[in-house]
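If you scroll down you'll find the structure; I have some questions about it.
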Amino acid sequence: MLPTSGWSLKLPRAIFLVLLLQIQLVFGLVNTKVGDPQIRCIDKERQALVSLFQSSSSNWLPWLTEEDCCKWEGVHCSNQTNHVIAIHIPPQQVIGYSLAQGAINRSLIELQQLESLNLSSNYIRQIPPFLGFLGNLRYLDLSNTDVSGAIPTELGNLFNIKYLDLSGNSYAQVQNLKWLSNLSSLEYLDLSLLNLSKSHDWLQTINGLPKLRTLRLGGCVLPAPTVSSLSHTSYSNSQPILEEIDLHGNYLTSSIFPWLFSHSSTKIFYLNVSNNQLNGVIPEAFGNMNLLQFLDLSNNQLEGGIPKSFGNLCSLRELYLMGNRISGQLDTFIETLSKCSRNSSVSLSPSSNETMELFLNSTRLSLKVLDLGNNYLSGTVPEVIGNFTELEVFHVGENSLKGVISESHFSKLSKLRYLDLSSNSLLLNFTDDWVPPFQLDTIKASSLNLGRRFPKWIQTQNNYSELDISNASISGTIPTWLWTLLSSKSCRINLSHNQLSGRLPNLSIDLPSLPELNLSSNQLEGPIPSFLSNVKSLDLSNNNLSGPISFLCTGRSLPEITFVDLSNNQLSGELPDCWGLFRYLVILDVANNNLSGKIPASMGALGNIQALQLRNNKFFGELPASWFCPKLQVLDLGGNEISGPVPEWIGDGFPDFLIVLSLRSNNFSGSIPSKLCHLAYIQLFDLSGNNISGEIPKCLNNLTALTERSQKPNMTIRIPYTSGLGSEGVYKSTFDAESSVNWQRKVYEYKNILGLLKCIDLSNNALAGQIPEEITHLAGLVSLNLSWNSLTGQIPRDIGDLKELTTLDLSRNRLYGQIPPSLSQIDFLALLNLSNNNLTGRIPKGTQLGLDAAFYAGNPGLCGFPLEECEAPEPEGSTRNEQGDEEDSFITQGFYFSTGLGYAVGIWVVIGTLIFSDSWRFKYLKFLSDIYDWLYVMILLNKAKLERMLKT
């Protein structure tokens, strides 16, 4: 018999343990597996995670084999409940394969205790609506996840969410932001790069988020706020008290200012409204933002001076005002910034530099970035700038500053890293033995006066990644220490447009893949050394360099080279045959040299080439049988001795990009391939000076770019390219294409206005047949030259439809018939040459058609101004009999008498009215004056238009 007392104690304990176990099982507080007390993961949640992360490859996420999901990387469980509360999948462990079908697995809904979900930089394609039913979610980051579908409005059900980041999903579809109005707990919102152009009520929605502290809507194509939204800027307890605002890269106007200066503006420490459409003066109200540390107003249309209230911004660390129209004196502005009087009550006088220096020393200003570049600032750079001892970035380039910069300006700037003084009238006056207190990362001093010698103080700088001292009047040779420095570091160097001379040294150094080296427009001579073959962007144009260019094939970094310009030198020899290695080459320009030989077949494998300029050399032979350069925009082979037929692959291979095709002055033969009509974007089509025969293709009206009259044409043909990393990230630059054009009987090389020259030049060939009527559909054509051929037939009747023509040369052909009257309808026609044809009849009237008789010479049947007047034709039906009597004529003596009498009466009626009626006389004289004024103005306008069109 068991002791009663023992059972009485054990039975309640057993019952309690059973009940506790049941409770734990019901509420999922322990794992359901028996015998595994170390496993914290709840089985139902583990299965949900497996479904979420499971890959088509069993080896994709090897840690899934771990039984305890709370130990999985990126999964966090609560220490109290063991529920999964956070999921953070790093981009390296992308779940893109498992989500390749387009959505997050619905099993995620089982994780009802989830508080944080971070799938940033993974590939999920679309945001599922069921995320809105994770009621405990406080943190959601789906940034840069390639979302292309609609943003589900169900996210508005996340009433507890505090942090929401959907940025970087530029293809996501957003109709409006009304769903945000329910997120009353939201403190951080980042929708940057989402297209919110349809969200006209965005500001009103933001105003309804009372706890919002951080707002990031950069690059969202935001429209300017509506009147109704701005009406909610009045003081209200429900308004957000924003501390960080980023609205850069939108379409905001200055109408946003009242909202920024609302009652919450005193809390803002970060404000970025750059790259918008802000205009007018900078409001004084910025001075009320006394906690502001970061202010970016750059790249807007702001003008006027800097508000004096900026002197109240004592917390300011970074100020960006570049790319506006801000004017005024720089020294006055520096003084304004220095008026932050935390610890001093010294009164300042604008003319007292000593007082200002004392003041700056006492206040210890901590401004780190001062960016005022590309404005209209004038005056001098005051020496007191040296008292901003925390300054790291000083950018005042591209203004109208003048004066002298001395060592005292920088004596205390030991933290300076970025210096841009370029494009000002400044003289840098440093002694040869000066050692700056700083080590710069970026030095921009182009278009300054640096003295005749190479600046020695640059030798003390060992950390810079960019050096630009172009157009700085420097002469002499490039110092050896510069090449030695380049052998140990990677940086971009621009020494162009100076008077540097001598030979480039043939050093046995190995450059570490320089991003850029620009030595163009100097007086350098001799061969190009092989150590320059590792430069990614190499510009040696406009020098006196000689020898071969075989050095290009000797570098170890050929696949990384993007830009090579060796034009306008005295280089000789053949092109090397290694172009298949240049996988990223965008620009190759070797024009105006003495290069010879055949064009190698490997040049046709330049898959990323966009501009290939080989003109004015001595290349011969036929072009390779085929090229694969699908991105080519400019192909200029003019001025060589290339022979064979015009390749059909030009029309097949480049239909979507080619803008310039110049094969002028070669030995091409055969006919013009009709496939060239596939070049829809062509603007300069030049096959002149060859041996091309056959007829002009009738399909020229398929050259779409020439059929359109551009309202705002691009002046230049500008091609962007990159050349590695710079101090500001990936370095992007542009190349302005250049080509030689026969313009108004002379050959010029055009660069700055090449984009305006919509031309077809087929002159100096052996073309026959008629001028196709389809050519009159090219309404955007500026120049048409078909001279020196054997064309027959008549000039197309509708040639006057080419309203943009300024040059038309049809001379030296076999054209016959009359000159179409429609020619007189072309307003801007400055050069018309129809000489040496078989044209007949009267020259149509029109001031632009009668410029020079030589342009009509060689047409015996032509008459009229500026040639001899045409003889009056004999009236039809008027014959005389032998006695001289008129037969069958209504012109009698009575006709002459009545005509004279009527003329006399009419004249005296008009003259008498003008004599005896003052009002009629005044009206008549005013009419004549108006006619005179109208003609005078029209002549001036047409003259101005003509000068603009012909200006180079």
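Ratio of the stretch 430-514's C-alpha Rg to 2.2 N^0.38 Å, to two decimals?
Taking the Cα Rg and dividing by 2.2 N^0.38 Å, one obtains 1.06.
Go through the stretch 251-259 residue by residue and turn each phi into a ³J(HN,Hα) via Karplus (6.51, -1.76, 1.60, θ = phi - 60°); whole Hz please, and just put x for glycine and proline.
10, 6, 10, 5, 5, 6, 4, x, 5
Please name which of Cys759, Leu661, Ala625 has its Cα lying farthest along the dipole of the stretch 493-771 towards the positive end, using unit charges on Cβ (Lys, Arg +1; Asp, Glu -1) and the Cα centre as origin.
Cys759
Nearest-5 percent of antiparallel DSSP beta bridges in the stretch 493-771?
Around 20 percent antiparallel, to the nearest 5.
Counting residues in the stretch 493-771 as N, plug N into 2.2 N^0.38 Å and put the Cα Rg over that result.
1.01
What does the highest-first list of 690-699, 397-406 look like by mean Cβ count within 10 Å?
Taking the mean over residues of other Cβ atoms within 10 Å, the ranking is 397-406, 690-699.
Moving to a separate point now. In square nanometres, what is the average projected area of the Cα convex hull of the stretch 371-517?
Directional mean of the projected Cα hull area for the stretch 371-517 stands at 8.4 nm².
Hey, another quick one. Could you let me know the centre-to-centre spacing of the stretch 428-484 and the stretch 807-869, using Cα atoms, in angstrom?
Cα centroid to Cα centroid, the span is 61 Å.
Using bins 10 angstrom wide from zero, how does P(r) for the stretch 118-250 break down, in % of all Cα pairs?
All Cα pairs, binned at 10 Å, distribute as 13, 47, 35, 6, 0 percent.
With +1 on each Lys and Arg Cβ and -1 on each Asp and Glu Cβ, how big is the dipole of the stretch 582-682 about its Cα centre, in debye rounded to the nearest 20?
140 debye
Taking the Cα centroid of the stretch 519-565 and of the stretch 617-649, what is the distance between the two, rounded to the nearest whole Å?
Cα centroid of the stretch 519-565 versus Cα centroid of the stretch 617-649: 23 Å apart.
Which value, in debye to the nearest 20, gives the size of the charge dipole of the stretch 493-771 about its Cα centre, when Lys and Arg are +1 and Asp and Glu are -1 at the Cβ?
420 debye
Quick note: the coordinates plus some simple rules give every number you see, no bench work behind them. Worth saying up front: this structure is predicted, and the values here are computed from it rather than measured. Neighbour counts run over all protein chains shown; Cβ positions are idealised from the backbone, glycine included.
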